[in-house]
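Structure first, commentary second.
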């Protein structure tokens with residue numbers, strides 16, 4: 001075998017690994033989208049509120065509906081100022097000694113959004129009744 005053939009074989013594995021890593025990073029970056037949840041032209045940031053979902057890569061809390069309309073996963077959602085009802089799907093898997101527990105379901109919260117503000121949604125587990133709630 002010629003020297004060029006050996007060099008080519010040595011180069012293949014690093015190139016395949018590099019391309020694989022780039023594809024994975026690109027896929028992760030593409031999951032956190034930005035969407036507007038109102039009709040009409042885009043508005044300046046001072047005229048809208050932004051709602052964020054916590055760590056979109058963990059997917060513990062995902063917006064399912066905004067004001068009773070289906071919402072697609074966004075990561076960041078632009079809303080008009082005013083009162084909004086957010087319905088979220090939660091999923092939490094906890095591993096403990098001897099097993100694993102998983103809880104899933106939906107929870108809703110209403111809040112008043114103000115233009116120029118950013119709101120973060122987060123899961124809350126109330127231990128007194130073992131129920132999930134959504135905080136903003």
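Working ranking of peptides 40-48, 109-117 by packing, defined as the average number of other Cβ atoms within 10 Å per residue, highest first, is 109-117, 40-48. Each of 52, 94 was scored by other Cβ atoms within 10 Å of its Cβ. Arranged with the fewest first, they read 94, 52.
None of the figures in this text is laboratory data; all of them are computed from the coordinates on show. The shown structure was predicted, so the numbers you read here are calculated from the model rather than taken from an experiment. Note that each Cβ is placed from the backbone with ideal geometry, even for glycine, and that neighbours are counted across all protein chains shown.
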